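Visitor: Shown below is the structure under consideration.
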Number of protein chains: 2
Amino acid sequence: MNSEENFVIAIHGGAQNKDRNTFTPEMEEAYKKGIEEALLTGWEVLNDDGPALDAVEAAVRVLEDNPLFNAGRGSAINCEKDTEQDAAIMDGKTLKAGSVAAIRFVKNPVSLARKVMETTEHVMLTGPGAEEFARRSGLELRPSEYFITQEKLEEFKNTLNHEKHTAGKGTVGAVALDKKGDLAAATSTGGLTNKLKGRVGDSPIIGAGTYANNEACAVSCTGDGEFIIRGVFAHLVYALIKFKNMSLHEALREVFRINGEGLKTEMGIIAVDRKADAELFYNTLPMYRGYRRNQEPAFLAIWEDEFRIE
Amino acid sequence: MNSEENFVIAIHGGAQNKDRNTFTPEMEEAYKKGIEEALLTGWEVLNDDGPALDAVEAAVRVLEDNPLFNAGRGSAINCEKDTEQDAAIMDGKTLKAGSVAAIRFVKNPVSLARKVMETTEHVMLTGPGAEEFARRSGLELRPSEYFITQEKLEEFKNTLNHEKHTAGKGTVGAVALDKKGDLAAATSTGGLTNKLKGRVGDSPIIGAGTYANNEACAVSCTGDGEFIIRGVFAHLVYALIKFKNMSLHEALREVFRINGEGLKTEMGIIAVDRKADAELFYNTLPMYRGYRRNQEPAFLAIWEDEFRIE
């Protein structure tokens, strides 16, 4: 029980390596509005005494619906000029989790992940089997074209020119502590531009891109999925807190230090704990991010400089 | 570097809860021969100065080809009366990993996982995309019927009668230390009987069913995949050794204690470390298992009583 009824939510809209000069003021404004809307939507759930699980799902849905972010609508284009989505959600109280990967046609993959968690005996469903489950479960569906945006098509063409699979990253996620003291995490992504069909990144992998456990923290990652999978980074944050008695801040710093020594990937990690601490780490910019605790002003940022809203 | 040139391999053919009385002497003999062949095949690779990665792949291929075990041929039957396979392999030296899930038609899923690791920028490929990749990569393919055995069809019918998804577990795996001191792990499965199409268990999830890191250990799990995913058990073994300075034996005991307190699943875990220690833990029987260190006799067991071969 969270006796002081503190609550907090943190969100991210992905970490990438992009030159700020390529952003027009209008683009920056649109991204700012996008993360602000997601953050406040999730925060409202918590403020209205709702569970962390509902808050992270609501925040991620907003980002999935926003074509600017690489998740749901606006997903990265794969090598077949189509999109495939991955998502996961985890309940820190029960350690229940749901996950979907390499799926198409589902407007809100995070909600399908939750459906897997709540209505099946499974944690993870993939591909056509997951799509059939979505149809049976009555989730909102969309045709392939809905998920494809002009901006992501241009990224795809640029990637082909550079003969590199790994451009065009970005992922969205949310982590939250509710008034009852329960933690939850959710992550959703369109993955890498020009990825192979059927490729799965870290987002839907419990322990890699997404992890929540009331004993320690809720975590959502973004960056090169392959490296985050190999490092099992979300569970590594948990393990450092649980077994090394680190604070949330120390644990994230240590994961970035370990990453810097070995796997060396560009990434961002957001995490919250039961003390309502929120940490947002990154080693590349822009990192679309924000958090809001209790009735305090929201913190929102894209570059180094932050902006707060009342 | 492993200055004493110790080497060791451990294998498992799954943990289940079955009555020994349902096993005829001929069945027991067939299972014994199956695990013996897999163990010795992997051991030969190490004895001939081969890498741990080759040894675990070779051992798992033998178990995939053997229709008695739930992996490759002899996979559990899913709710569509078909089979789908999951597999993963991880190199403890480089932390590179490859994984495939919800695939059909590939005779040796573990070798496809290795192909993903070695020839793509990805870690995990799933479903039809992974199958297309297998075709392009020239892997041995088989029709659906190849994977289906009479025994697994009967398990499927029994499962339907009991209206339970979670019967008919079992998975195969191998972990090894080679003479150079490198660790590797591999796991392969047909998953749960009557599972939904597209369902993915713990085997192909790096950190859940499969994990290897030269810093500490190589691990392969079997049991209820959903619980092993939620507990991130393979990485938990690593974290307990790395951050709590536990021995391999202490780490496995602690994971089973944690499991017993919380998630409470039937499972088996095998692991080796750089000191050539091999641990084979389980909380249900039969657990088909074995290990062999250097020129010592092989240990092989199905029930509590072991049998050794020279």
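The values are calculated or read from the model by the stated rules, or taken from the named source; none is laboratory data. In this text the structure is predicted, and so the values were computed from the model without any measurement. Neighbour counts are summed over all protein chains in view; Cβ atoms, including those assigned to glycine, are modelled from backbone coordinates with ideal geometry. For accessibility, only protein heavy atoms count, side chains too; no ligands or nucleic acids. Shrake-Rupley method; radii C 1.70, N 1.55, O 1.52, S 1.80 Å.
Visitor: Would you mind checking which residues have amide H under 5 Å from B:ASN70's amide H? H placed 1.01 Å from N; only 5 or more apart, or other chain.
Guide: Placed amide hydrogens put B:THR171 under 5 Å from B:ASN70.
Visitor: For a quick check: with amide H placed at 1.01 Å from N, whose amide H comes under 5 Å from A:TYR211's, ignoring anything fewer than 5 positions away on the same chain?
Guide: A:VAL219
Visitor: Label-point separation (nm) for B:GLU132 and A:LYS18, each offset 7 Å from Cα along Cα-to-Cβ?
Guide: The modelled label-to-label distance comes out at 2.7 nm.
Visitor: At 7 Å along the Cα-to-beta-carbon direction for both A:LYS244 and B:LEU160, put a label point, then send me their distance in nm to one decimal.
Guide: Between A:LYS244 and B:LEU160, the simple spin-label model gives 5.2 nm.
Visitor: Another one. If you plug each phi of the stretch B:113-125 into the Karplus form 6.51 cos²θ - 1.76 cosθ + 1.60 with θ = phi - 60°, what whole-Hz ³J(HN,Hα) values come out, in order, with x for Gly and Pro?
Guide: Along the stretch B:113-125, the couplings run 4, 5, 5, 4, 4, 8, 10, 10, 8, 9, 9, 10, 10 Hz.
Visitor: Summing Lys, Arg as +1 and Asp, Glu as -1, what charge do residues with Cβ under 12 Å from the Cβ of B:ASP86 carry, B:ASP86 excluded?
Guide: So the environment of B:ASP86 carries a net charge of 0.
Visitor: Related question: Dipole magnitude of chain B about its Cα centre, charges +1 at Lys/Arg Cβ and -1 at Asp/Glu Cβ only, in debye to the nearest 20?
Guide: 740
Visitor: If Lys and Arg each add +1 and Asp and Glu each add -1, what is the summed charge of the other residues whose beta carbon sits under 13 Å from the beta carbon of B:VAL45?
Guide: -3
Visitor: Where does the protein assembly as shown land at 222 nm, in deg cm²/dmol rounded to the nearest 500, when only DSSP H runs of n ≥ 4 count, each adding -39500 (n - 2.57), divided by all residues?
Guide: Helix-only estimate at 222 nm: -11000 deg cm²/dmol.
Visitor: Let me ask something else about it. Rounded, prolate or oblate for the stretch B:1-45? Axes are the square roots of the Cα gyration tensor eigenvalues, ordered a ≥ b ≥ c, and the cut-off for rounded is a/c under 1.5.
Guide: Verdict is prolate for the stretch B:1-45.
Visitor: Where the label is 7 Å out from Cα toward Cβ, how close does B:GLU151 come to the same position in every other copy, in nm, shortest first?
Guide: 5.5
Visitor: Next up: Given the pairs A:LYS152/B:LYS197; B:LYS18/B:LYS197; A:LYS197/B:LYS195, which span a C-alpha to C-alpha distance of over 28 angstrom in this model?
Guide: The pairs that break the limit, which is 28 Å between Cα atoms, are A:LYS152/B:LYS197.
Visitor: Now, a different point. By its C-alpha gyration tensor, with a ≥ b ≥ c as the square roots of the eigenvalues, how is chain A shaped: rounded for a/c under 1.5, else prolate for a/b larger than b/c, else oblate?
Guide: Cα axes put chain A in the rounded bin.
Visitor: Right, something else. How large is the charge dipole for the stretch B:73-199, taken about the Cα centre, if only the Cβ atoms of Lys, Arg (+1) and Asp, Glu (-1) carry charge, to the nearest 20 debye?
Guide: Here the stretch B:73-199 has a charge dipole of around 120 debye.
Visitor: Tally Lys and Arg at +1 and Asp and Glu at -1 over the other residues with C-beta under 14 Å from the C-beta of A:TRP303: what net charge comes out?
Guide: After counting each charged neighbour, the total is -2.
Visitor: Kindly tabulate the residues in the stretch B:111-160 with an accessible-area decrease of at least 50 Å² between the chain alone and the assembly of all protein chains, using a probe of 1.4 Å.
Guide: So the qualifying set is B:GLU121, B:HIS122, B:VAL123, B:MET124, B:THR126.
Visitor: Ordered by residue, what ³J(HN,Hα) values in Hz, to whole numbers, does the stretch B:10-21 give under the Karplus form 6.51 cos²θ - 1.76 cosθ + 1.60, where θ = phi - 60° and Gly and Pro are x?
Guide: 10, 9, 9, x, x, 10, 9, 10, 9, 7, 4, 5
Visitor: Still on this structure, please answer the following. Once phi is turned into θ = phi - 60°, what whole-Hz ³J(HN,Hα) does the Karplus curve with 6.51, -1.76 and 1.60 give for every residue of the stretch B:98-108, x standing for Gly and Pro?
Guide: Ordered by residue, 3J(HN,Hα) equals x, 7, 9, 8, 6, 10, 10, 6, 9, 4, 10 Hz.
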